[in-house]
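Participant: The following block contains the structure, expressed as structure tokens.
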Amino acid sequence: MGFDVFNGDADGLTALVQWRLAHPQATTLVTGVKRDIALLKQVPTDTEQVTVLDISMSKNQEPLATLLASGAHVFYADHHQSGPIPDSPLLDAHIHTRANTCTALIIDKLLGGQYREWALVGAYGDNLDRTANALARQSGIGEHTRARLEQLGHYLNYNSYGASLDDLIIPPAVLYRHLCGFSTPDAFMRAYPDMVMELANAYQHDRERAQTLSPELSDENAQVYLLPDTAWARRISGMLGNQLANRHPDRAHAVLTPMPGGEWMVSIRAPLNRPTGAAQLAEQFITGGGRAAAAGINALPSASLSAFTDAFMTHFSAHAD
């Protein structure tokens, strides 16, 4: 049996839904909360086939090399910084790091748009609204359908944020098992209206609480938000970053959420009108990474909080012109 290894956010979920609709196979799922990306180490070395979607290759270099050395065939699609891509006939890698793409769109292209609506759900979840809107128009998708796809993308992405699975409304592996049987998002939403409503209600409730927050630091180029130490704050942290980016497209945003171990989880959004620099900043810190437009730090020590906020405000002020 093969393994499907994927990010638990909207992009990872919908990338795998598309791939398995096109290539049905019984597999073991390996996933987790959005920031749990060092996942390949969970795959046994005697595995014959591994599909990896929407997790950074640079954070999984050692287990990837081990799997390839043991003879595993690995299909790998992602849009984050990869580091060196192994030169192996056993690796089928599709890595594209442009700011206007995501893994669901990479899979969509490989499949010739066969499950386009699922790809749009992933793109909306990854806050690629401009790209998704253009692709929806190009595909002849009506406004009402497009709006439903956008909402579902937001719900799925919102559900992926947390310190552990206990913070989430629905575990990503459970969500995938419900999503994967349907060729369109609308078919899923008709079959499981209670599940969609549970996510929608939780999302709206947490959004309303987040709207009462004020930035800790702010200027015309950048803002920093420090969230409270609660499960709802951990859940809404990533989507709050997206909402702030959409509301102020010329400003960078950092949303910092305290974690149970005493560190901070950091979400970084570059300005939508200048979608670069997020990964460059995040990678200055040990557990940081991501892509040019959006990146994060999984565990920022409290002792480094001031260093990060200073670096963030300086970095995006320097890149404002």
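Participant: Can you tell me which residues in segment 237-264 are touching a residue at least 60 places away in the same chain (Cβ under 8 Å), farther than 20 Å from Tyr155 by Cα and aliphatic (A, V, I, L, M)?
Facilitator: Ala252, Met259
Participant: Looking at segment 108-125, can you tell me whether even one residue there is in contact with a Gly (Cβ under 7 Å, 6 or more places away or on another chain) and assigned to a loop (DSSP other than H, G, I, E, B)?
Facilitator: no
Participant: Asp46 - would you say it is open to solvent by 40 Å² or more (accessible area, probe 1.4 Å), in a loop (DSSP other than H, G, I, E, B) and over 30 Å from Asp167 (Cβ atoms)? So that I can check it myself, show each step before the final result.
Facilitator: Values: open to solvent by 40 Å² or more (accessible area, probe 1.4 Å): yes; in a loop (DSSP other than H, G, I, E, B): yes; over 30 Å from Asp167 (Cβ atoms): yes.
Against the criterion (open to solvent by 40 Å² or more (accessible area, probe 1.4 Å), in a loop (DSSP other than H, G, I, E, B) and over 30 Å from Asp167 (Cβ atoms)), Asp46 qualifies.
Participant: Could you please give the count of residues in segment 84-127 that are over 19 Å from Val52 (Cα atoms), surrounded by fewer than 23 Cβ atoms within 10 Å (Cβ to Cβ) and modelled with pLDDT of 95 or more?
Facilitator: 4
Participant: Is there any pair linking a residue in segment 201-222 that is of a type in the set (Asp, Glu) to one that is part of a helix (DSSP H, G or I), with Cβ under 6 Å and at least six apart or on different chains, and which?
Facilitator: Short answer, once both residue conditions are applied: Asp206/Trp232; Asp206/Arg235; Asp206/Ile236.
Participant: Find the residue count for segment 52-83, including only residues that are open to solvent by 20 Å² or more (accessible area, probe 1.4 Å) and in a loop (DSSP other than H, G, I, E, B).
Facilitator: 5
Participant: Any residue in segment 245-256 that is open to solvent by less than 10 Å² (accessible area, probe 1.4 Å), modelled with pLDDT under 95 and in contact with a strand residue (DSSP E or B) (Cβ under 7 Å, 6 or more places away or on another chain)? It would help to see each step written out before you state the result.
Facilitator: Residues of segment 245-256 that are open to solvent by less than 10 Å² (accessible area, probe 1.4 Å), as a first pass: 245, 252-256.
Okay, now just the ones that are also modelled with pLDDT under 95, so 245.
From the residues that got through so far, the ones that are in contact with a strand residue (DSSP E or B) (Cβ under 7 Å, 6 or more places away or on another chain) too are 245.
Checked against the condition, which is being open to solvent by less than 10 Å² (accessible area, probe 1.4 Å), modelled with pLDDT under 95 and in contact with a strand residue (DSSP E or B) (Cβ under 7 Å, 6 or more places away or on another chain), segment 245-256 yields at least one hit.
Participant: Separate question: Out of segment 126-139, which residues are assigned to a helix (DSSP H, G or I) and of a type in the set (S, T, N, Q)? Break it down into steps so the answer makes sense when it comes.
Facilitator: So the first thing to find is which residues in segment 126-139 are assigned to a helix (DSSP H, G or I), and the list is 129-138.
Within segment 126-139, Thr131, Asn133, Gln138 meet the criteria.
Participant: Residues that are loosely packed, with under 15 Cβ neighbours inside 10 Å and more than 21 Å from the chain's Cα centre (by Cα): which helices (runs of 4 or more DSSP H) entirely in segment 140-236 hold 3 or more of them? Give the derivation first.
Facilitator: On the way: elements: 143-158, 172-179, 185-191, 193-210.
Here the list reads 185-191, 193-210.
Participant: Could you list, in sequence order, all residues of segment 271-314 that are open to solvent by less than 20 Å² (accessible area, probe 1.4 Å), at negative phi and without any contact (Cβ under 8 Å) to a residue 60 or more places away in the chain?
Facilitator: Pro271, Ala278, Leu281, Ala282, Gly288, Ala295, Ile297, Leu300, Phe308 - these are the residues of segment 271-314 that are open to solvent by less than 20 Å² (accessible area, probe 1.4 Å), at negative phi and without any contact (Cβ under 8 Å) to a residue 60 or more places away in the chain.
Participant: Go through the residues of segment 15-31 one by one and say whether even a single one is assigned to a loop (DSSP other than H, G, I, E, B), touching a His at 6+ places or on another chain (Cβ under 6 Å) and buried (at least 24 other Cβ atoms within 10 Å of the Cβ). Walk me through it before giving the result.
Facilitator: Applying the first criterion (assigned to a loop (DSSP other than H, G, I, E, B)) to segment 15-31 yields 23-26, 31.
Then drop every residue that is not touching a His at 6+ places or on another chain (Cβ under 6 Å), which leaves none.
Scanning segment 15-31, I find no residue that is assigned to a loop (DSSP other than H, G, I, E, B), touching a His at 6+ places or on another chain (Cβ under 6 Å) and buried (at least 24 other Cβ atoms within 10 Å of the Cβ), so the answer is no.
Participant: For Asp229, state whether it is acidic (Asp, Glu) and out of contact with any strand residue (DSSP E or B) (no Cβ under 6 Å at 6 or more places or on another chain).
Facilitator: On the way: acidic (Asp, Glu): yes; out of contact with any strand residue (DSSP E or B) (no Cβ under 6 Å at 6 or more places or on another chain): no.
Spelling it out, it is not the case that Asp229 is acidic (Asp, Glu) and out of contact with any strand residue (DSSP E or B) (no Cβ under 6 Å at 6 or more places or on another chain).
The values are calculated or read from the model by the stated rules, or taken from the named source; none is laboratory data. In this text the structure is predicted, and so the values were computed from the model without any measurement. FYI the Cβ positions are ideal-geometry reconstructions off the backbone, even for glycines, and counts take in every protein chain you see. With ligands, DNA and RNA removed, areas are computed over all heavy atoms of the protein, side chains included. Shrake-Rupley method; radii C 1.70, N 1.55, O 1.52, S 1.80 Å.
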